[in-house]
Amino acid sequence: MNFESDPHASADGRWQPVRLAPGLFQADQVVAEQEPACIVVQQGRVVWVGPQAAVPAAYASLPVHDGQQMLVTPGLVDCHTHLVYGGERANEFAMRLAGASYEDIARAGGGIVSSVQHTREATEDALFAAALPRLQQLLDEGVTAIEIKSGYGLSLAHERKQLRVARRLGQACGVTVRTTFLGAHALPPEYAGRSQDYIDLVCQQMLPALAAEGLVDAVDVFCERIAFSLAETEQVFQAAKALGLPVKLHAEQLSNMEGAALAARYGALSCDHIEHLSAQGIAAMCQAGTVAVLLPGAFYTLRDTQVPPIAALRAAGVPMAVSTDHNPGTSPALSLLLMANMACTLFRLTVPEALAGITTHAAQALGLQDEQGLLAAGRPANFVLWPVQHAAELAYWLGAKPDCTIVRQGRIARRAAARA
Ligand code: NIG
Ligand code: FE
């Protein structure tokens with residue numbers, strides 16, 4: 001029987017026997033692939049990982065959580081979402097089926113701007129209530145850290161409302177939420193024809209105020225011909241830099257603007273989408289240690305045909321992350337495992353690349369590499385026990401909703417049914 005666990009249940013103790021997903025853990029002693037392993041948790045942190053037969057005597061008397069021989073990975077990290085918004089845009093899905101493109105819809109006043117209208121009309125409580133079940137679906141699949149962007153408010157008050165909801169969601173669900181200010185997502189209707197004025201507002205008023213309120217962990221821009229230019233993007237990056245905030249970029253999604261090279265010059269944590277990324281962009285990202293975030297849900301929804309330059313990214317050693325890009329327009333995706341599957345099937349990632357993409361590299365894309373994305377002694381206890389034989393199954397099943405056990409921030413957030 002499945003049951004929602006007591007949210008206060010501590011994960012402290014020995015988790016055994018479990019099997020460790022290759023490549024996603026650092027053990028204190030060598031662990032062979034199928035060998036029964038043990039994870040020791042104390043005070044919410046992993047303190048030891050290794051073969052069950054080699055658990056140090058100091059931990060031998062700790063209570064045991066039955067790991068049922070399940071496969072353990074670090075908690076999943078969804079590093080690019082627009083989870084907080086009013087309304088939905090199923091009508092645009094129908095329009096696209098009838099032949100309209102994303103750009104056609106945006107130019108006709110739909111797209112992002114339509115979500116802006118619904119987000120502005122919604123109260124903070126209404127936005128929270130709408131986002132909560134979406135977040136819950138991601139969490140039930142093992143997400144232990146998530147990024148949530150603003151960008152559907154496009155005024156100080158409404159961007160604040162979105163970011164406050166994002167913070168509240170993290171507190172209510174006991175999950176790590178990183179907030180990203182995306183004030184430069186689209187031009188709000190009241191600034192039509194006055195793009196520079198809006199960017200000045202973003203840089204001089206919105207960002208400094210929201211940063212001072214502790215609502216901004218990073219800053220993002222939609223750099224695209226239907227959004228903001230390279231020069232406008234750089235102005236936002238300068239404002240972020242002046243406040244000591246890291247930057248990210250929606251880069252080269254619909255065309256090559258050479259945004260990635262600019263972002264890399266500002267030490268960006270990540271460049272996201274990057275279907276049209278150039279060789280120059282790849283070289284710059286490689287040099288800056290910028291993560292390439294692949295968003296196959298948007299690629300699929302828009303029926304894009306321009307595949308990101310995976311082979312070149314791989315050859316250059318640029319870390320690749322995979323995320324849902326959950327948003328009401330281009331990626332109404334609520335399964336990170338499905339995105340891992342799509343990254344393999346549509347973009348030809350290998351399974352180990354896809355799994356690193358939803359864990360280790362996704363954590364890096366958020367600057368959370370010391371807390372998330374790797375199972376290792378000293379890290380906060382964030383891990384998932386999966387009822388699968390092979391790690392490849394995590395990217396293989398389509399829509400499986402595995403009955404997993406989830407340890408989030410040292411607490412047992414979900415417990416799998418006993419296995420025969
Ligand atoms: O990441 N590319 C721009 N922003 C979102 C889409 C937002 C929307 O259409 O509402 C994205 O795909
Ligand atoms: Fe996005």
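Read-outs throughout are calculated quantities, based only on the coordinates presented, and are distinct from any laboratory measurement. Just so it is clear, the model here is predicted, and its values are computed rather than measured. Glycine gets a Cβ as well: all are built from the backbone with ideal geometry, and neighbour counts include every protein chain shown.
At what distance in angstrom do the alpha carbon centres of the stretch 356-394 and the stretch 183-250 lie from each other?
Comparing the Cα centres of the stretch 356-394 and the stretch 183-250, I get a distance of 31 Å.
From largest to smallest, what semi-axes in whole angstrom does the stretch 1-151 give when each is the square root of 5 times an eigenvalue of its alpha carbon gyration tensor?
45, 18, 13
Using the number of other C-beta atoms within 10 angstrom as an exposure proxy, rank L24, L230, L295 with the fewest first.
Fewest-to-most Cβ neighbours within 10 Å comes out as L230, L24, L295.
Can you show me the helix-derived [θ] at 222 nm for the chain, built from DSSP H runs with n ≥ 4 at -39,500 (n - 2.57) apiece and divided by the number of residues, rounded to the nearest 500.
For the chain, the value works out to -9500 deg cm²/dmol.
Which value does Rg/Rh take for the stretch 105-164 over its C-alpha atoms, Rh per Kirkwood? Present the calculation step by step, with values, prior to reporting the outcome.
Values: Rg = 13.1 Å, Rh = 12.7 Å.
Over the Cα atoms of the stretch 105-164, Rg/Rh equals 1.03.
Can you tell me which of L355, L163, L243 moves the most in a GNM of the chain? Springs connect C-alpha atoms under 10 Å apart.
L243
Quickly rank 314-324, 397-407 as a protection proxy: mean count of other C-beta atoms within 10 Å, highest first.
Top to bottom by mean Cβ count within 10 Å: 314-324, 397-407.
As a test, work out the antiparallel percent of DSSP beta bridges whose residues both lie in the stretch 10-154, rounded to the nearest 5.
Numbers: 10 of 19 bridges.
Rounded to the nearest five, the antiparallel share is 55 percent.
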